[in-house]
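Quick notes on the structure that follows.
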Amino acid sequence: MTTKSTLQRWTSFRSKDRAGATLSAHMATGGGTWYRVRRRFMRHKPAVIGIVVLAILILGAIFAEVASLGIDPLAADFGAINKPPAPGHILGTDAIG
């Protein structure tokens, strides 16, 4: 029994479309290497969840300035030190204000 290389197996395999024309297995499966990589990746649920979380973090970093609504994070409000939650400070304040 002789073994064929991967290239020989791919090029020798032929399939027919509805019109009867021959297509290589590469085209019959809908793509090549990247199609298989994407399909295998999408089947791995933890990897998909990880890429979604990573995309959210990256988008958050890109749009952080817009999300801050113009509030300076380094500005201190010394008149509101250790105050309870209020409309101006939803979570309250700490020792810095």
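The values are calculated or read from the model by the stated rules, or taken from the named source; none is laboratory data. These figures come from a predicted structure and were not determined experimentally. Glycine also receives a Cβ, built like all others from the backbone with ideal geometry; neighbour counts cover every protein chain displayed.
Evaluate the following for Gly60: is it surrounded by 10 or more Cβ atoms within 10 Å (Cβ to Cβ), at pLDDT below 95 and within 21 Å of the chain's Cα centre (by Cα)?
Taking the combined requirement at face value, the residue satisfies it.
Does Asp72 fit the bill of being exposed (fewer than 10 other Cβ atoms within 10 Å of the Cβ) and among the acidic types (Asp, Glu)?
yes
Restricting attention to the stretch 73-82, does a residue exist that is among the hydrophobic types (A, V, I, L, M, F, W, C), modelled with pLDDT of 80 or more and not in a helix (DSSP H, G or I)?
For the stretch 73-82, residues among the hydrophobic types (A, V, I, L, M, F, W, C), modelled with pLDDT of 80 or more and not in a helix (DSSP H, G or I): present.
Restricting attention to the stretch 59-72, report how many residues are assigned to a helix (DSSP H, G or I) and not aliphatic (A, V, I, L, M).
2
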